[in-house]
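Below is one structure, written out as structure tokens; the observations come after it.
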Amino acid sequence: MRIRWGVCGLVIVLAVVVLGACAKKKPPVARPVPPPPPMEEPVTPAKPPAPPEPTVEKPVAGAPMKEDSMASRSLDDLNRDSPLRPLFFGYDSAEVSAEGQKVLESNGELLKKYPSWVITIEGHCDERGTAEYNLALGERRAVAARTYLVSLGIAAERVKVVSYGKEFPFDPGKTEEAYARNRRGHFVITAK
């Protein structure tokens, strides 16, 4: 019987604990929310100052005014009689020779004179070798020329590269001289 009374006492204690836990809790007290800050008057931005008046350079008396023939020519005319010289490479090479460096320095000076020009360097190869190999070689040649021009201070975004491999030979001959003319970096003015 003692066990029964012990079990009953345990059940009663558990019932009191459960009922006490289920008792309603007091709701939290709502605290007043502070009012929003007062609205400020919208500030109208001040008018920007007027742009300065453009200055017009007056020609010096007696000095003839010469028009820049390159600036006034169309892209087709510029590329037909291109002021940019081609860069030639040795057989199976993308290395810029000492003579090639002089060509690139000359082209670089012209690009500095006309800073709005954008050019594309086309990499070309002779017909020997596979199409895939020559496309890769043509790209290496164009990139080598671009890298040299950038080292001279020409902005990289002004110089694009493309490889045509052996697809557009300058000279269709099958002689060593024809092959040498086809191994080149050709410069095309694409925007001015």
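The values are calculated or read from the model by the stated rules, or taken from the named source; none is laboratory data. The shown structure was predicted, so the numbers you read here are calculated from the model rather than taken from an experiment. Note: ideal-geometry Cβ built from the backbone for every residue, glycine included; neighbour counts use all protein chains shown.
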In segment 51-84, residues that are surrounded by 14 or more Cβ atoms within 10 Å (Cβ to Cβ) and either at pLDDT 85 or above or in contact with a strand residue (DSSP E or B) (Cβ under 7 Å, 6 or more places away or on another chain) (or both) total 5
Quick check: is even one residue across segment 164-171 modelled with pLDDT under 95 and in a strand (DSSP E or B)? yes
Of the residues that make up segment 116-133, is at least one among the charged types (D, E, K, R), surrounded by fewer than 15 Cβ atoms within 10 Å (Cβ to Cβ) and under 30 Å from Ser69 (Cβ atoms)? no
Which condition does Gly123 not pass, out of (1) closer than 19 Å to Leu78 by Cβ; (2) within 25 Å of the chain's Cα centre (by Cα), if it passes all the others? (1)
Flag if Glu177 is at pLDDT 95 or above and in a helix (DSSP H, G or I): no
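Please determine, by comparing only the residues of segment 69-126 that are of a type in the set (Ser, Thr, Tyr) and in a loop (DSSP other than H, G, I, E, B), which one is nearest to Arg183 (Cα to Cα).
Only one residue fits best here, namely Tyr91.
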May I ask you to verify whether Asn107 is surrounded by 13 or more Cβ atoms within 10 Å (Cβ to Cβ), of a type in the set (S, T, N, Q), touching a residue at least 40 places away in the same chain (Cβ under 8 Å) and on the phi < 0 side of the Ramachandran plot? yes
